[in-house]
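The block underneath contains the structure these notes are about, expressed in structure tokens.
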Amino acid sequence: MSKNLRINNKQFVDETRKLSFIFNGKKLYGYKGDTLASALLSNDIHLVGRSFKYHRPRGIMTSGSEEPNAILQIGNDDALTDPNVRATEIELYDGLICNSQNCWPSVKFDIGGINNFLSPLLPAGFYYKTFMWPASFWEKYEYFIRKSAGLGKSPTKQDPDMYDHRYMHCDILIVGGGVSGLIAAKIASDDNKKVLLLEDKELLGGSLIYDDNDISKIDNQKSSEWLKKLIENIKNDKNIIIKTRTSLAAYHNYNFLLARQNLTDHLSVNDRNNKIRQRLYKIRAKKVIISTGAIERPQVFHNNDRPGIMLASAVKKYIDYYGVRCGLENVIFTNNDSAYETALSLHKSGTKLNAIIDIRDNSSSEIVNKVKSLGIQIYWNHTVVNTKGYKRINKIIIMKLNDKGNDVIGKKIELNCDCLAISGGWTPMVHLFTQSGGKLRFDNKDNIFVPDKTNLDQLSIGSAKGDFELDDVLKNSIKDTKKFLNIENSNFDKIDVKCSKEKEKKNIWLLPSDRPLSKTKPFLDYQNDSTAKDIKLALREGFKSIEHVKRYTTTGMGTDQGKLANMHALGIVADTTNTNMGDLGTTTFRPPYTPLTFGTIVGRNVGQFFDIFRKTPMHEWHVENNAKFENVGQWKRAWYYPKDGETMHDAVQRESKAARESSGILDASTLGKIDIQGTDANEFLNRVYTNAWSKLQIGKCRYGLMLNEDGMVYDDGVTTRLSENHYLMTTTTGGAANVMSKLEDYLQTEWPELDVFLTSVTDHYATASVCGPNAKKIINKIFKDLDLSDESFPHMSFKEVKLGEINCRVMRISFTGELSYEINVEASYGKYIWEKCIEAGKEFNITPYGTETMHLLRAEKGFIIVGQDTDGTMTPVDLQMDWIISKKKYDFIGKRSLYRSDTIREDRKQLVGLLTDDPNEILEEGAQIVKDENKKPVDMLGHVTSSYFSPTLKKSIALAVLKEGKQLKGQKLLVPMIDKTIKVTVSDTIFLDKENERING
Amino acid sequence: MFLINCPYCGERDQSEFVSGGEAHIARPKQPTELNDDQWAEYLFMRKNIKGIQFERWNHAHGCRKWFNVARDTSNDKIEKIYKMGEQPPKI
């Protein structure tokens, strides 16, 4: 590079460590300590991207998170590439690869740039207005709009990086490690508080740390020197935990905050191996101090977006911190004193400053007087009316303002300029304050929104609160922090601060031009290409609310979330509609403050940690025996066990045939199990189930149906009386947790007088269910001494028996209609007892079956599955289970609802059986049932809830819910499918063994 | 994310709790004596107010105890926590 843009000997950049990087295919160099932006600028590269809509050339504009233009694609790996990374925030590392976004074929020659010349045809709302008609064209439009939407490219492969979450607790959280945050941290620490200090940059100190002017003095030292001593002090303070490269993402109620720490993004790719990339801190703070500072505003004038136009504060930081000149023909354009610090920095570094344009009439502050004394030309009461240079600014044109500041007068003056440093004042970063629910107040003097009311224990200090001059920042921070922490004295009480004081203020939201507004491009939101014209158009078209104006013009909707644009948009709306800005309010600030990667949000909860898998004690056996699994709640349940390439249908046919003809075995461990004890346990069951429990003898089992208070079926299962005051309730697999909490709720809140204790024992027991005509022989082989005769061990009864040292609870209950025994053992013996059954059943071809076969077997018997045949709108009467509703009991949960006017309607949907006219035709679950498909609109009478092909009956069977179903038995109905209509006949819900003879083997 | 001071365990993160809706709606002792409207009043009608709301919370991932909370719905501030069976505070 021929131009000398590096100023040597800067303390924050290590010029002994040269780093190479590749920008748009070209190899360039920077130093350790550079950001990507400062390294690009040191190579005289301003043009880094194209704008979203008009594809105008855009350059680096800022030095922080507010950057709208310099957003790049980092990396070229399909898994690791990162879109929309702000060059101003990413630290340079060796081997960094980056590319411009939103341009083709290159950032220097971009075909999309034609949009710039078409821009009169592309006003705000262009897409909304144009692509509406004709409606049938939408799919064609969509293809092109999607192509042009978005900026960067998402990675296409799985994120290989590791992310982490961590909880933090502290007395005082301080967000922002600038001078006010540091002072607050020290005051809090001196008061023996546990302090957590977050700083999003690599180093503490904010903007004061590189302040190099001789006017600002603290305790008679150069302010930056004074600050360095404070930082050393704080680093050695045991009460203060410092997290740098950590930005606060969200501030929630109750002082709960989320912060993201970057751990490896600044390292060269090779140094990142096996390291956690980012960590999300979940912070609970007793008190929060926000010291996030302020961001500089641009000014809004014609062609204010050319590469080379930058915020004045950024130009200063690139010189004073990174040692990089942004141009060799600098001009400053300001409405306030702060840009004069940039003038001094330029002067001190020997960089040419052609002129300062100030829209004010004069300024008499110390700093401006100093600049005046250096002989720098200042154009008072002037404004920039145009800029020139397509890919880099090369000239500006200025004119004098009239008295009102709404027009320009006099002659045009043309100035050479390759870097225009603009300043429109400062905006406090109140994002976190408002995210936390705080209300803002508009300050008419400085034209800023400042924190006002909050319900939380929090404080804003420094320029985040609206103090911009060093003495105000320091003295108010000290005073406010002491008050906030209830402290009488601090070590800062005698601080002596000297600084320049601004006296003259002037603000014009939209600067006038010599051209009519319609012929200008005064940009507000650089990223989304919305201009002052667009705001005015939205207002003309009737949008009044600032939230509507924002969405119509897309102002503030880019990845920078309008950090630069929003205040001007509000100002222009206020001016145009003659409203006070305070009355207008702001758009909503939403988390995250800066974008987060999904990886950071999910942390370790990926892959097998995404959700818990629950496995039964027999799980390994199922895996070894080739089971296919289905998810039931969090459980992995064996679904079916295909043999030799069987389809699911074939496997289920084989399994169910075996269960009916000889024997089958099911892993029923997932069923919910609740241990119920207490002297009122029996009364409790009477209240929660619809049927009567008073007469259930010890050692007997009973099926129960549980309703919600609204009368709808909630859960079902078999409960066994183990002893006088001890019961074991089973619930559905999916309903276990809900049933448990519902029962606990009633016990604690409605019936605290009952002596009942509930314990969830689902995980404590494993259950093997052996069924089929040969079940008794198999059980007999295992428990040789157990009397299995119908007299001693009838259906719906229970025996406790030992197998060696293992306690077994054997229940003779059946969900298949076959003779069936369920063996419950402590979970650790689950696999053992399962294998024991398999071994004993070998000679009877015992066949393991999964949930699919279980569903088929129970459907043949017309047994419901809560949640499949019911959906929260079915009463027991709807299910044709009237028999289970006790007529004698005075009350049970849901009883009163069973005779509400709605639940006694005759035309409710009711559970029925369906048989297809063609016995080989299997209905689809969920299919709609109609009577007449020609009458439009077609009346939907109900739908299929369960459907199978029964190998035992050799025909298709289905359960369905049907309007007035009970009346429709024998009726012919239709199930229309996409390619055919299936004829069905309404039947009974029990298809097999109506006499219940199989239950006895 | 609230911090909730469980009357049995102390202050815990909201993620340990579940909300159980409006408090102080006692289940009628004699439901069968009620007409449809009275039963519907118990079953379905709930307040949705801006301001202090009395609600039930359960320390589901802790001691599993139910208790009452007086919460300001406009800012989620918890004014008072009290046990089941206790009278709502005057706020």
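The values are calculated or read from the model by the stated rules, or taken from the named source; none is laboratory data. Worth saying up front: this structure is predicted, and the values here are computed from it rather than measured. Note that each Cβ is placed from the backbone with ideal geometry, even for glycine, and that neighbours are counted across all protein chains shown. In case anyone asks, the SASA skips ligands and DNA or RNA and just uses the protein heavy atoms, side chains included. Shrake-Rupley method; radii C 1.70, N 1.55, O 1.52, S 1.80 Å.
When the residues of the range A:594-626 are narrowed to those that are free of Cβ contacts under 8 Å to residues at least 12 places away in the same chain and within 20 Å of the chain's Cα centre (by Cα), which ends up surrounded by the most Cβ atoms within 10 Å (Cβ to Cβ)?
Checked the range A:594-626; the qualifying residue surrounded by the most Cβ atoms within 10 Å (Cβ to Cβ) is A:VAL606.
Kindly provide the set of residues from the range A:275-310 that are out of contact with any Gly (no Cβ under 9 Å at 6 or more places or on another chain) and among the hydrophobic types (A, V, I, L, M, F, W, C), ordered by number.
A:ILE276, A:ILE283, A:ALA285, A:VAL288, A:PHE301
Pairs needed: first member in the range A:7-20, free of Cβ contacts under 8 Å to residues at least 24 places away in the same chain and outside the structural domain of A:ILE90 (by TED's automatic domain parsing); second member anywhere, among the β-branched types (Val, Ile, Thr) and open to solvent by 50 Å² or more (accessible area, probe 1.4 Å); C-beta distance under 8 Å; at least 6 residues apart or different chains.
none
Any idea which residue in the range A:311-332 is nearest to A:TYR379 (Cα to Cα), counting only those that are hydrophobic (A, V, I, L, M, F, W, C) and in contact with a helix residue (DSSP H, G or I) (Cβ under 8 Å, 6 or more places away or on another chain)?
Selected residue: A:ILE332.
Only one residue in A:ILE612, A:ILE601, A:ILE535, A:ILE572 is of a type in the set (A, V, I, L, M) and in a loop (DSSP other than H, G, I, E, B), so which one is that?
Only one candidate passes the filter, namely A:ILE612.
Quick check on the range B:1-11: of everything there that is within 11 Å of chain A (Cβ to nearest Cβ) and open to solvent by 70 Å² or more (accessible area, probe 1.4 Å), which residue is farthest from B:ASN58 (Cα to Cα)?
Per the stated criteria, the residue is B:MET1.
Give A:ILE823, A:ILE904 a once-over and let me know the one that is part of a strand (DSSP E or B), of a type in the set (Val, Ile, Thr) and over 24 Å from A:SER946 (Cβ atoms).
After applying the criteria, what remains is A:ILE823.
Select from the range A:884-901 the residues that are of a type in the set (Ser, Thr, Tyr) and in a loop (DSSP other than H, G, I, E, B) and write down the one among them that is farthest from A:TRP693 (Cα to Cα).
That would be A:SER901.
Can you tell me which residues in the range A:298-355 are open to solvent by 10 Å² or more (accessible area, probe 1.4 Å), within 23 Å of A:SER513 (Cα to Cα) and outside any loop (DSSP other than H, G, I, E, B)?
Result: A:HIS302, A:ASN354.
Criterion first (modelled with pLDDT of 95 or more, crowded, with 16+ Cβ neighbours inside 10 Å and touching a helix residue (DSSP H, G or I) at 6+ places or on another chain (Cβ under 7 Å)) does A:ILE215 satisfy it?
no
Among A:SER477, A:SER518, which is the only one that is of a type in the set (Ser, Thr, Tyr), assigned to a helix (DSSP H, G or I) and open to solvent by 50 Å² or more (accessible area, probe 1.4 Å)?
Exactly one of A:SER477, A:SER518 is of a type in the set (Ser, Thr, Tyr), assigned to a helix (DSSP H, G or I) and open to solvent by 50 Å² or more (accessible area, probe 1.4 Å), namely A:SER518.
Only one of these is under 30 Å from A:ALA638 (Cα atoms) and surrounded by fewer than 19 Cβ atoms within 10 Å (Cβ to Cβ): A:GLN928, A:GLN880. Name it.
Matching residue, one of A:GLN928, A:GLN880: A:GLN928.
Any residue in the range A:762-788 that's within 17 Å of A:PHE844 (Cβ to Cβ): show its pairings with residues that are open to solvent by 10 Å² or more (accessible area, probe 1.4 Å) and polar (S, T, N, Q) at Cβ separation under 8 Å, as long as the two are six or more apart or on different chains.
A:CYS771/A:SER814; A:GLY772/A:SER662; A:PRO773/A:SER662; A:ASN774/A:SER662; A:LEU788/A:ASN780
What's the total number of residues in the range A:746-773 that are under 19 Å from A:TYR727 (Cβ atoms) and either in a strand (DSSP E or B) or open to solvent by less than 30 Å² (accessible area, probe 1.4 Å) (or both)?
Result for the range A:746-773: 13.
Which members of the range A:738-754 meet the condition of being more than 10 Å from chain B (Cβ to nearest Cβ) and closer than 20 Å to B:TYR42 by Cα?
Across the range A:738-754, the qualifying residues are A:LYS742, A:LEU743.
Considering only residues that are among the small types (Gly, Ala, Ser) and in a loop (DSSP other than H, G, I, E, B), which ones fall in the range A:848-883?
A:GLY850, A:GLY862, A:GLY867, A:GLY872
Which of (1) over 18 Å from A:MET874 (Cα atoms); (2) surrounded by 15 or more Cβ atoms within 10 Å (Cβ to Cβ); (3) among the β-branched types (Val, Ile, Thr) is the odd one out, the single condition A:VAL938 does not satisfy?
Unmet condition: (2).
Criterion first (away from every other protein chain (no Cβ under 12 Å) and open to solvent by 70 Å² or more (accessible area, probe 1.4 Å)) does B:GLN87 satisfy it?
In short, yes.
Here is a list: A:GLY926, A:GLY867, A:GLY872, A:GLY970. Which entry is modelled with pLDDT of 95 or more, under 40 Å from the mean Cα position of the chain (by Cα) and at positive phi?
A:GLY926
Rundown of residues vs (1) at pLDDT 95 or above; (2) open to solvent by 10 Å² or more (accessible area, probe 1.4 Å); (3) of a type outside the set (A, V, I, L, M, F, W, C); (4) in a strand (DSSP E or B), yes/no style:
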{"site": "A:SER38", "(1), (2), (3), (4)": "yes, no, yes, no"}
{"site": "A:LEU41", "(1), (2), (3), (4)": "yes, no, no, no"}
{"site": "A:GLY49", "(1), (2), (3), (4)": "no, no, yes, yes"}
{"site": "A:SER63", "(1), (2), (3), (4)": "yes, yes, yes, no"}
{"site": "A:GLU66", "(1), (2), (3), (4)": "no, yes, yes, no"}
{"site": "A:ASN76", "(1), (2), (3), (4)": "no, yes, yes, no"}
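Here's the yes/no breakdown for (1) at pLDDT 70 or above; (2) open to solvent by 30 Å² or more (accessible area, probe 1.4 Å); (3) closer than 22 Å to A:GLY49 by Cα:
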residue: A:VAL107; (1), (2), (3): yes, no, yes
residue: A:ASP110; (1), (2), (3): yes, no, yes
residue: A:LEU121; (1), (2), (3): no, yes, no
residue: A:PRO134; (1), (2), (3): no, yes, no
residue: A:PHE137; (1), (2), (3): no, yes, no
residue: A:PRO155; (1), (2), (3): yes, yes, yes
residue: A:ASP159; (1), (2), (3): yes, yes, no
residue: A:MET162; (1), (2), (3): yes, yes, no
residue: A:HIS169; (1), (2), (3): yes, yes, no
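Considering only residues of the range B:48-84 that are over 12 Å from the mean Cα position of the chain (by Cα) and away from every other protein chain (no Cβ under 13 Å), which is most open to solvent (accessible area, probe 1.4 Å)?
Here the residue is B:LYS50.
Among the residues of the range A:385-400, is any without any contact (Cβ under 8 Å) to a residue 40 or more places away in the chain, open to solvent by less than 30 Å² (accessible area, probe 1.4 Å), among the β-branched types (Val, Ile, Thr) and not in a loop (DSSP other than H, G, I, E, B)?
Looking through the range A:385-400, at least one residue is without any contact (Cβ under 8 Å) to a residue 40 or more places away in the chain, open to solvent by less than 30 Å² (accessible area, probe 1.4 Å), among the β-branched types (Val, Ile, Thr) and not in a loop (DSSP other than H, G, I, E, B).
In this structure, is A:THR679 more than 35 Å from the chain's Cα centre (by Cα) and closer than 30 Å to A:LEU728 by Cα?
It is true that A:THR679 is more than 35 Å from the chain's Cα centre (by Cα) and closer than 30 Å to A:LEU728 by Cα.
Can you tell me which residue is farthest from the other protein chains (Cβ to nearest Cβ) among those in the range A:268-291 that are part of a loop (DSSP other than H, G, I, E, B) and open to solvent by 40 Å² or more (accessible area, probe 1.4 Å)?
Checking each candidate, the answer is A:ASN273.
Condition first: under 30 Å from A:SER901 (Cβ atoms) and either in contact (Cβ under 8 Å) with a residue 24 or more places away in the chain or touching a His at 6+ places or on another chain (Cβ under 8 Å) (or both). Now tell me which residues in the range B:9-47 satisfy that.
If the condition is that a residue be under 30 Å from A:SER901 (Cβ atoms) and either in contact (Cβ under 8 Å) with a residue 24 or more places away in the chain or touching a His at 6+ places or on another chain (Cβ under 8 Å) (or both), then B:GLY20, B:GLY21, B:GLU22, B:ALA23, B:HIS24, B:ARG46, B:LYS47 are the ones that fit.
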